[in-house]
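Following: one structure in structure tokens, then a few remarks.
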């Protein structure tokens, strides 16, 4: 797979469209850079898959993105960040950032009561990655796996009766919290629904924004931006379905290239 | 891909685990036969994919299954039946059955009022395949796409608060009906929830059972069954996840073989 030369590119990946929220937040901060995004839509969702499988997918994708000479890699997927980050840090020749540590740091800054909620996929919540980090900072975490919410977003139903019903159900058992971490990059698309369900007194931490802050702090920003960077999207599933779902979050600005999963190393080694 | 010799085998396929309901119903009627099942779990769900893509997937799968010398092919997926059946009938060297005509015939037999509901994926309902057939029989169809219900089943949440909430929401706009076609092979797993939502006065038509009746009528049944047939399952996604989800409907009896999607012709031609 060859692309025309990239300019100080950063690689970003997610299991689907959710990571586009991180990509957009990054582009606002680093508009002059090129980005290569990979949405593994043929294998979405990662949330219920076994950790070793998610690690295999993530390392295959990291190898693929690093093949373009990216200068950094952003794991814009909470499930992959929760289970695969150590493997990726060890493997990749460039800095790697996940979305969990920035989210935990942001929650630590904004909470007053110390009672912090986190919602995510079964994989993310089951890994305990958020809960351990929050406890290590002396906070009291409440967590809830929300297996249907990724599907709500991927189906383009972020503003729908289905979304309202499911969000209220998942949040119905929460204790008194003053901060809620959206522990899945799909969830910022559900922000209005979630904010209505918890009320205005609860601060939502959007891992997309805080991760973009962390990552962009590591790259120089030129005083003036002469030319906007270019974004290339690879998708392992249907490009049309990707563009369709991505439209919910403002659409895709850049090329979309279909990529058979077999071209990702993890898949090849299994065959 | 080679298997040890098959005995009067029948091929069955679905986008995921839903078609296992059809497979089980077939095995009860044709216990001596071998079956080859393909669950295209790497590309599930079909319901929101464009028709031409579903046709491509279905023809690739039909070619693969026919390669084992099956004596018949059952499209145990409503979306594929709705959009790809004519293409499959033309292409396959053996008889091909879908799930829609048997469901419509059964509904025609059981309705008294002529007011028949059908629920399915966006693809199935959007195709109008059920509605046209019901109207051609002088019945008054009411239809509702239920995009989240496949995900509920695939997540193993068929008996959950999520399932109750979603089913009641989707059925809330129905007129007075006396018959409801479960127009997706995943939905029989939601049968208890759906029956509670519509009440006992509404007859549910399970396309799995009526399709199995139609298919089995075309094959001879021996007077005594000496030896049970063998089932081989191919899955394009994760075999463990398939087995896990299949456990909801009584589990998988037979081998599960992972099959990279690239080995299905449709995918190969695209590369």
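The values are calculated or read from the model by the stated rules, or taken from the named source; none is laboratory data. Everything numeric here is computed off the predicted structure, so don't read it as measured data. For neighbour counting, all protein chains shown are included, and Cβ atoms are generated from backbone atoms with ideal geometry for every residue, glycine included.
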If you go through the range A:199-220 one residue at a time, do you hit one that is exposed (fewer than 15 other Cβ atoms within 10 Å of the Cβ), modelled with pLDDT under 85 and in the same structural domain as residue A:31 (by TED's automatic domain parsing)? yes
In this structure, does residue B:164 turn out to be within 22 Å of residue B:21 (Cα to Cα), at pLDDT 95 or above and within 14 Å of another protein chain (Cβ to nearest Cβ)? yes
Looking only at the range B:138-155, and only at residues there that are farther than 23 Å from residue B:80 by Cβ and either over 23 Å from the mean Cα position of the chain (by Cα) or in a loop (DSSP other than H, G, I, E, B) (or both), the one that is nearest to the other protein chains (Cβ to nearest Cβ): B:140
Any residue at all in the range A:174-183 that's crowded, with 24+ Cβ neighbours inside 10 Å, part of a loop (DSSP other than H, G, I, E, B) and more than 14 Å from every other protein chain (Cβ to nearest Cβ)? yes
Spot the failing condition for residue A:196; the list is (1) at pLDDT 95 or above; (2) within 14 Å of chain B (Cβ to nearest Cβ); (3) surrounded by fewer than 20 Cβ atoms within 10 Å (Cβ to Cβ), and only one is missed. (2)
Within the range B:81-97, restricting attention to residues that are outside any helix (DSSP H, G or I) and surrounded by fewer than 24 Cβ atoms within 10 Å (Cβ to Cβ), which residue is nearest to the chain's Cα centre (by Cα)? B:96
Of residues in the range A:227-261 being buried (at least 20 other Cβ atoms within 10 Å of the Cβ) and within 12 Å of chain B (Cβ to nearest Cβ), the one modelled with the highest pLDDT: A:259
Would a scan of the range B:64-80 turn up a residue that is within 18 Å of the chain's Cα centre (by Cα), within 13 Å of residue B:181 (Cα to Cα) and away from chain A (no Cβ under 14 Å)? yes
Are any residues in the range B:113-142 in contact with a helix residue (DSSP H, G or I) (Cβ under 7 Å, 6 or more places away or on another chain), surrounded by fewer than 21 Cβ atoms within 10 Å (Cβ to Cβ) and touching a residue at least 40 places away in the same chain (Cβ under 8 Å), and if so, which ones? B:127
Among B:104, B:110, B:74, which is in contact (Cβ under 8 Å) with a residue 40 or more places away in the chain, surrounded by 24 or more Cβ atoms within 10 Å (Cβ to Cβ) and assigned by TED's automatic domain parsing to the domain that holds residue B:175? B:104
